[in-house]
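The structure appears below as structure tokens.
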Amino acid sequence: MKLLRVFVSISILIFCLAVSVESANSRELPATGYNHLQKEIVPAYQSVTIKHPVDKMQAAIGSFNIIDSLANAYSYFTNDQQPFVYYAPTNTLITIKRGALAATAGQNTLNDLYVRTSNNWGVTWNPAELIYTATAGNLARYPSIYGFEFESQMAYVFTAPANQANGWQGFINGIYTAGNSAFSFTYNETIGGKAYGWSGTDSKIFGSIKGSDAYAIATGGIMPPSGLPLVDNSSIGKRSSTTFVDWTSEIPAAWASSNFVTPIPDATYTDSLSNSSVMALKMEETDKILYSAVYGRFTAADVITASIPGVSKSTDLGNTWSDFEIFPRSVLNNYITGLSLDPNVVYISNRDFVPFAGGDYSFVVSLFEDTTKTFKPYASALHQIVELYKEKGQFGLRPIANITGYALRYNGANSNNQMGDELMVSRTVDGSALLVKWVDFVNATDVNGDTIRNYTTDIMAAIRMKDSKNWSNPRDISESEIYDRITWIPNYIPNDLKSVPVLKLESIPNPGDTPEAAALNQLSLETVAQYVLVGNFDANLLTGVEQEEKGSAFSIPGVYPNPASTEIYVDAMLPSSASVTIKLCDMFGRNVVAPYTNIAGAGSNTFRFDVSNVASGAYFVKVEYNGANETRLINIVK
């Protein structure tokens, strides 16, 4: 018994030391709130001169340009909204924002809505246009927008949660075109003889032409005003209009609460308890299919004890909707099991969705290991971004990147981080490539070469060509010492992967602030004014697409299958004949099998790598050629 007590004490000491090392330069906070499995940290200010980020290339985004200002950060503050979109036929990039610092005669128009547009992917912007003036009590928050052509000019449909003195009071919905707005307010609804109210702040919107009329449809959670009975709490509703004065609300049969497991009350029960949430409302323009992506615990899922994404489809602009096609939870569970983890301790946190022609689509999600159940140090637990896809009728999973799992903690009682790792997915207009963007903590080095852990947050990105099996190496595209946060990419990006726009917010500096005060100012959202900035980067640099087309670059188009069991195949494009070495490394960079070396010719090559004696887990495949190297994340499942 004494020996057992000593062992337990040593184990606890090792655990505490591991946590203290990770937290040496930051304050780690419990995983609570919106992203309940993602811990928030406050970086400790470092009064040192930074030499460069550790192991980074030059930032892809050279600079961000200020395009506007806000009274606070809440115009772009939640993944539940849709404030940054692109309409391809007119080459129009659109953003909607709540308020402006000095938009009208120097007045702070905190609760009005404005639209800004660009016709060159955000390099320059047209003047702001006022599309909604706040009425008594109906104060706009977290707005969403969509643009389309109507009567030979751009029309913008919008929706925004309305806030009054007694809290959330439904949604403001409207249309703006040629300097004119029409809008109305929806909250309490009677559907099928039952009372409902639009719940929370989640809402996505789509606009088009229906017959000869402009048309809009918005989706979101809808539940009884009291939150009871719980069996009615998980419905997804739609509201639509062609008049924009009257909106018709409906709960499609496929979206009703009966299609979701009834929430189970617990110690955290509130009247907003639900087992479903809206991920996206997106049109696939080639097939003319409108997709509603929802995350929840579906009664028809192959595993109903955990949430998973699903899609419902409409071919008539949202009049009728199909039953949900649910991503098989078993595919995800098999992947997690292959990492030597129990699927019951790994959860999906952040998520996004993108459709393609021909019925293909992808969900991109963050996986988090629940360390309250596995008792691992948080820093060594599973935190990973993966793609859950459907291609040619088959479901599968592709790993994208490992992440730290930390989110930036903001100042202020109401400034909990609602965006987590800010995970978003987009695609080229022609559907030839996908882009994933997120925000993560990075280390840096000072002039003495010492590492400062979790020094700041940067914007990360990876791409995958649609016909490729693998994602590119993730790249830090901002590399700024300032805390990057509240960042957005639009629903579409350029076909050539050049000049991809990224929007973000920064606190407006206070003249005379010390460096420490300036850093703290960047953590403040609700009490300080914000700049709206846009930067552009060439996403083709993430994989060297241009060089591959010229046949002059070393690249690794594919490492597959992934997950693998007994063998891995590595596709390599070589500019010239030379020796190639392939290594399989663990997460600490240690070789786990003997390296494979062979002479290969110029052009396309495929190498077979034996992993039959390698244990299940996540590894890196490293390919070395003429002093250059490429690395890919792969998972081995036995």
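Key figures for this structure:
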| item | result |
| --- | --- |
| Qualifying residue in segment 519-526 (condition: assigned by TED's automatic domain parsing to the domain that holds L408, modelled with pLDDT of 95 or more and touching an Asp or Glu at 6+ places or on another chain (Cβ under 9 Å)) | no |
| Residues being assigned to a strand (DSSP E or B) and touching a residue at least 12 places away in the same chain (Cβ under 8 Å) - total across segment 609-638 | 19 |
| Subset of segment 390-408 (residues that are within 30 Å of E40 (Cβ to Cβ) and out of contact with any Leu (no Cβ under 6 Å at 6 or more places or on another chain)) | R398, I400, A401, N402, I403, T404, G405, Y406, A407, L408 |
| Test: I131 is modelled with pLDDT of 95 or more and not in a loop (DSSP other than H, G, I, E, B) | no |
| Set G558, G601, G544: member being at pLDDT below 80 and over 25 Å from the mean Cα position of the chain (by Cα) | G601 |
| Count of segment 400-414 residues which are touching a strand residue (DSSP E or B) at 6+ places or on another chain (Cβ under 9 Å) and either within 19 Å of A519 (Cβ to Cβ) or in a loop (DSSP other than H, G, I, E, B) (or both) | 10 |
| Qualifying residues in segment 578-595 (those that are modelled with pLDDT under 80 and closer than 21 Å to G558 by Cβ) - the one surrounded by the fewest Cβ atoms within 10 Å (Cβ to Cβ) | S579 |
| Among the candidates N344, N333, residue that is crowded, with 16+ Cβ neighbours inside 10 Å, of a type in the set (S, T, N, Q) and in a helix (DSSP H, G or I) | N333 |
| Some residue of segment 271-286 being β-branched (V, I, T), within 16 Å of A195 (Cβ to Cβ) and outside the structural domain of L423 (by TED's automatic domain parsing) | no |
| Leading residue by the ranking (surrounded by the most Cβ atoms within 10 Å (Cβ to Cβ)) among those in segment 370-386 that are within 17 Å of S472 (Cα to Cα) and aliphatic (A, V, I, L, M) | I385 |
| Test: residue in segment 250-264 that is touching a residue at least 24 places away in the same chain (Cβ under 8 Å), under 20 Å from S184 (Cβ atoms) and of a type in the set (S, T, Y) | no |
| Counted residues, segment 220-241 - those being more than 16 Å from D202 (Cα to Cα) and basic (K, R) | 0 |
| All positions within segment 304-328 that are at pLDDT 95 or above, touching a Pro at 6+ places or on another chain (Cβ under 9 Å) and within 15 Å of V261 (Cα to Cα) | I308, I326 |
| Residue within segment 497-507 that is surrounded by fewer than 18 Cβ atoms within 10 Å (Cβ to Cβ) and in contact with a Ser or Thr (Cβ under 9 Å, 6 or more places away or on another chain) present | no |
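Conditions (1) buried (at least 22 other Cβ atoms within 10 Å of the Cβ); (2) assigned to a loop (DSSP other than H, G, I, E, B); (3) over 15 Å from the mean Cα position of the chain (by Cα), marked per residue:
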site	(1), (2), (3)
V364	yes, no, no
L388	yes, no, no
G396	no, no, yes
N416	no, yes, yes
G420	yes, yes, no
D430	no, yes, yes
V436	yes, no, no
Y455	yes, no, yes
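The values are calculated or read from the model by the stated rules, or taken from the named source; none is laboratory data. None of the values given here were measured: they were computed from a predicted structure. Don't worry about glycine lacking a Cβ; one is built from the backbone with ideal geometry, like all the others, and counts go over all protein chains shown.
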